[in-house]
Every structure is written in C-alpha cells, then in structure tokens.
C-alpha cells in the first residue's frame with residue numbers, strides 16, 4: 001500500500017533517524033501500515049513531498065518516555081515526548097522532492113480522488129491498494145528535483161526492542177496508554193479477531209473519507225460480496241452515533257461499486273450492512289447491527305456481544 005506521512009516541519013528529523021511517529025490520538029491513522037509498504041513524507045510548511053520510502057518494520061511503541069527523545073518534548077521540562085508510535089523508514093532509489101501541486105495533478109490525471117482535507121489535521125493518509133500502486137508508479141517517473149545532499153546521512157534507528165502494537169501486547173500497552181477509540185480502532189482494523197469472526201468478514205480499510213469536510217468512516221469489514229460499515233465508540237450508543245451510522249450507510253450504498261472495486265471484492269455490487277459498536281446504551285430501532293464491547297482483564301482481551 002501507499003501512505004503519506006504528514007508533518008508540519010519535522011521532515012529532516014524524521015529522516016535523520018529513519019523514523020516517522022504520531023501522537024497517541026492519531027494511532028488509528030497508521031492501522032493500514034505494514035512492512036514493505038511504500039510511503040512519502042509530506043511537509044506542510046514547505047508544501048513538499050519527499051520520497052519514496054519503504055516501511056522497514058511494523059508499527060512500534062516507544063513507551064511513555066525514552067532515554068533519548070526522537071522528537072521534541074511535549075512541554076518544557078516534560079519527560080513525556082510528543083510522538084510515541086513509530087514506523088522505521090528506508091529511502092528507496094529515485095528519492096525525489098515533489099511540490100504538492102505536482103502530486104495533486106498526478107493523482108487527478110489518474111482519476112484518484114485526492115483532496116486537501118486528506119492532509120488537514122492528519123498524521124497519515126493511506127490510499128486504496130490499487131490507487132496507491134498506480135500513483136507510486138506515476139510519481140516515480142516525475143522529473144528529478146534538486147539534489148538533497150543532506151539526506152545521505154540518514155540513520156537507521158535500532159527499533160528491535162520497541163514493542164509491536166497488537167492485541168497480544170495489550171497488557172504492556174495499557175500499563176502506560178489510555179484505552180481510547182484510536183487504540184481500539186487500530187486493533188480492530190488490523191486483526192481478524194472476535195468481531196471479524198462473528199461477522200464472517202475481514203478488516204478491509206479504515207478512516208475512509210466520504211466528503212470534502214473530512215468526515216470519515218471508522219472501519220470497513222468485507223466478505224466476498226458484503227460490506228460492513230462500522231461506527232466505533234468507546235462510549236455509549238447515543239443519538240450522534242446513530243445519526244453517523246445512518247449517514248455512512250447511505251454513502252456506502254451510493255458508492256458500493258467503487259468501494260468494492262478498490263477493495264478487490266468478488267462482487268461488483270456488495271450488500272451493505274451498517275454496524276454500531278459501542279459500550280452500551282439503548283438499541284436502535286432500525287436495520288442496524290449493534291455490538292457491545294468489553295475489555296476483559298488479565299490477560300487483556302476484547303470481547304463482543306451482539307445485542308441487535
């Protein structure tokens with residue numbers, strides 16, 4: 001897959017240590033990242049893309065503090081760094097510097113929907129697999145910009161001791177991390193656990209933008225001819241959650257052919273089922289699946305009960 005890692009002005013620091021990191025609240029944006037994926041870094045202040053990179057390792061956890069911070073402290077005198085979830089990066093052949101306008105123009109020429117909202121208040125944007133492959137190939141043919149001699153000294157940080165982020169390490173993670181929607185979504189988007197087995201589906205994508213305001217569907221699970229649109233809440237099933245899932249269902253029904261093609265589903269017009277996953281509250285009297293979820297202690301694990 002192809003990812004764009006977004007930073008306001010830390011490109012050189014990211015590259016010098018061969019890493020990119022995000023705040024805990026943005027962890028869900030890294031859910032699609034896997035070793036071997038390609039990536040670019042977008043530096044907003046310079047309106048410039050740098051890359052391509054290869055993701056050398058899976059998403060790792062730095063812990064609440066590190067002996068030597070990768071980025072700046074969260075506040076003067078603080079012992080808690082700003083960025084904790086990291087991906088090791090390796091520059092690839094043909095490394096280039098691209099103005100953001102050239103990337104937009106290339107994407108639009110290929111018929112790939114790319115919008116300014118994709119890079120606003122984000123740490124990472126991931127393309128559908130087929131779109132990312134075509135865009136990466138097209139950008140590799142873009143004329144080379146000026147040489148970037150300062151990149152030659154980029155190091156490869158030793159990340160072997162950092163903790164992988166997955167359900168098997170929940171106890172260690174939760175010793176320092178607050179359990180929130182970002183961590184819950186990250187795990188559900190990557191692992192075919194209890195919820196996926198109950199649906200008879202697989203995690204397919206997350207954080208899918210549906211409009212120019214930047215509204216996104218939390219999760220998509222897919223079966224060969226079925227698409228599950230999932231709204232995820234750590235809190236209760238309130239009126240806002242119910243309104244959101246109805247809106248996402250309507251969008252998915254209108255765009256299911258496009259989504260099915262880009263996810264590589266067998267059927268070209270899959271059935272669409274809305275799903276609300278929340279920690280409690282009244283059932284919704286409509287055609288919607290509803291699951292309660294719980295985080296069970298010792299060892300920590302997720303369980304799900306279908307209530308509608």
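Remarks
- Looking only at residues in segment 111-121 that are touching a residue at least 24 places away in the same chain (Cβ under 8 Å) and surrounded by 14 or more Cβ atoms within 10 Å (Cβ to Cβ), the one that is nearest to residue 45 (Cα to Cα) is 119.
- None of 250, 220 is on the phi < 0 side of the Ramachandran plot, part of a strand (DSSP E or B) and modelled with pLDDT of 90 or more except 220.
- The numbered conditions (1) at pLDDT below 85; (2) under 22 Å from the mean Cα position of the chain (by Cα) are all true for residue 287 except (2).
- Criterion (touching a helix residue (DSSP H, G or I) at 6+ places or on another chain (Cβ under 7 Å), in a helix (DSSP H, G or I), at pLDDT below 85 and surrounded by 14 or more Cβ atoms within 10 Å (Cβ to Cβ)) met by exactly one of 151, 183: 151
- Any hit, segment 268-277, residues being modelled with pLDDT of 85 or more and more than 24 Å from the chain's Cα centre (by Cα): yes
- Residue 292 satisfies every condition listed in (1) under 21 Å from the mean Cα position of the chain (by Cα); (2) at pLDDT 80 or above except (1).
The values are calculated or read from the model by the stated rules, or taken from the named source; none is laboratory data. Because the structure is predicted, anything quoted here is derived from the model rather than measured. Cβ: placed from backbone, ideal geometry, glycine included. Neighbour counts: every protein chain shown.
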